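Read the structure below first, then the notes.
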Amino acid sequence: MVIIGILMAIGFGVFLYGGWQMFGDEIRAIRTLKMVKERVYTFEYKGDYGFKAFLEQGGAKTDAEMAAYIAGFLSKGYIKTGTQTPEAGCSTIASEGLFCRNFDWESGSHYAVIKTYPDDGYASISTTGFAFLGMGEDWHPIAGMDGMTALASIYVPLDGMNEMGLCVSDLVEIDGSTEVPDTEKPDLTIVAAIRLVLDYAKNTEEAVRLLSLYDVFPSVNAAHHLAISDINENNVVVEWRNGEMRVTETSIVTNHCLSEELESPMTGESKRRFATLQERHSGFMTYEQGLQALKDASYTEHTLWSVIYDKDSLSSTIFFDCDWNSPVTFKLSDE
């Protein structure tokens, strides 16, 4: 799936321009940043990370516009940005209790599991990779010097779940449309749309309503669709075609259009994974059934992480690089 990349060269030098009052929330968040296993980091952000202000100023229709806003907010205007964009493909399967997702991409990264507790929205847990900040496969925050850069990953969630048990995931839509009408609606990039849903939607119906208020723009000429699932097993895929937002009920999403039948030679692998997940889906899934479905649908060498979101316990169990014997579990509750 193609996803936003944000290059932010932000270090602790920025604190020379202000003190605790200006950067208090950011400093507290950086203090929670820790490595939980090799190449896997986590942190918590409590307070205002600027997303409401981002929406109020009209959002952004390009990766570069969003990157500039993030850098401006986190560094209070002292740092500028550039962009780069990697590519990937994915699979999701949902049931009443679980939301399971493979994130497939061309190469690895250092990863971030993010807990956010906004002042004006729902708490959530989400997953991304620092490579999607444009930092390269080997970059990772060292001794806090790059902590401010790591915080930018709040704006680049690739999947997540909020405190209401609402889950969302971004997948590339190989045969999708990249045409977006530039209407009077405010603009959002696809990952900003994920943050919108996590912060402000308590169920699938609200998520769809919120998305309908924006023009949602793809990244670098690649179409995307969003898999959304709530605790009451309302499972949909949201797609954009010919300037129209389309919503299709489905518990399974891979990388081809589901709102209409399209023929594309590039969707064969996507349809194979879709069929595999259909065989595994039987309404309510146990944890073991969800895990087996992810194993069966994974690319192996291209699956960077597989995550099972438990909507009841509000936890995520993640397997990195198809290491099925070494899961890492994160709980949304503030412990």
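The values are calculated or read from the model by the stated rules, or taken from the named source; none is laboratory data. Being a predicted model, the structure only gives us computed values, none of them experimental. When we count neighbours, we look across all protein chains shown, and the Cβ atoms used for this are built from the backbone with ideal geometry, even at glycine. Each accessible area value is taken on the protein alone, full model and side chains, heavy atoms only, with ligands, DNA and RNA left out. Shrake-Rupley method; radii C 1.70, N 1.55, O 1.52, S 1.80 Å.
Here the extension length gained between Asp138 and Glu233 equals 30.3 nm, from 0.36 nm per residue of separation less the Cα-Cα distance. Amide H to amide H, with H built 1.01 Å from N, Tyr122 comes under 5 Å of Tyr200, counting only residues 5 or more places away or on other chains.
For the range 191-308, the carbon plus sulfur part of the accessible surface works out to 47%, probe radius 1.4 Å. Taking only the C-alpha atoms of the range 287-335, Rg followed by Dmax gives 11.3, 35 Å. Counting only DSSP H runs of at least 4 residues, each contributing -39500 (n - 2.57), and dividing by the residue count of the chain, the helix-based mean residue ellipticity at 222 nm comes to -7000 deg cm²/dmol. Volume per residue of the convex hull around the Cα atoms, evaluated for the range 194-335, comes out as 143 Å³. Sorted largest first by accessible area at a 1.4 angstrom probe radius, with every protein chain in place, the residues Met164, Met35, Met135 fall in the order Met35, Met164, Met135. Projected onto planes of every orientation and averaged, the convex hull of the alpha-carbon atoms in the range 185-259 covers 4.8 nm².
Taking 19 Å as the cut-off, the amide N atoms of the range 96-132 that come nearer than this to a point 7 Å along the Cα-to-beta-carbon line of Arg272 belong to 102-107. Relative to the 2.2 N^0.38 Å rule of thumb, the chain has a C-alpha radius of gyration ratio of 0.92. In the assembled protein chains, Trp324 presents an accessible area of approximately 60 Å² (probe radius 1.4 Å).
Computed over the range 114-190, the P(r) tail beyond 16 angstrom holds 64 percent of alpha carbon pairs. For the set Phe284, Phe103, Phe274, solvent exposure ranked by accessible area (probe 1.4 Å, protein chains only) runs largest to smallest as Phe284, Phe274, Phe103. The accessible-area ordering, largest first, of the residues Phe54, Phe73 stands as Phe73, Phe54, per a 1.4 angstrom probe. The slack in the chain from Asp312 to Leu262, taken as 0.36 nm per residue of separation less the alpha-carbon distance, amounts to 14.4 nm. Entry comment: accessible area of the chain is 39 Å² per residue, from protein heavy atoms only and a probe of 1.4 Å.
Annotation: the antiparallel percentage among DSSP beta bridges lying fully within the chain is about 85. Applying 0.36 nm per residue to the separation of Ser212 and Lys46 and subtracting their alpha-carbon distance, the gain on full extension is 57.0 nm. Among the protein heavy atoms of the range 125-168, carbon and sulfur supply 56% of the accessible surface, probe 1.4 Å, non-protein parts ignored. Heavy-atom accessible surface of Lys46, to the nearest 10 Å², is about 90 Å², with a 1.4 Å probe and all protein chains retained.
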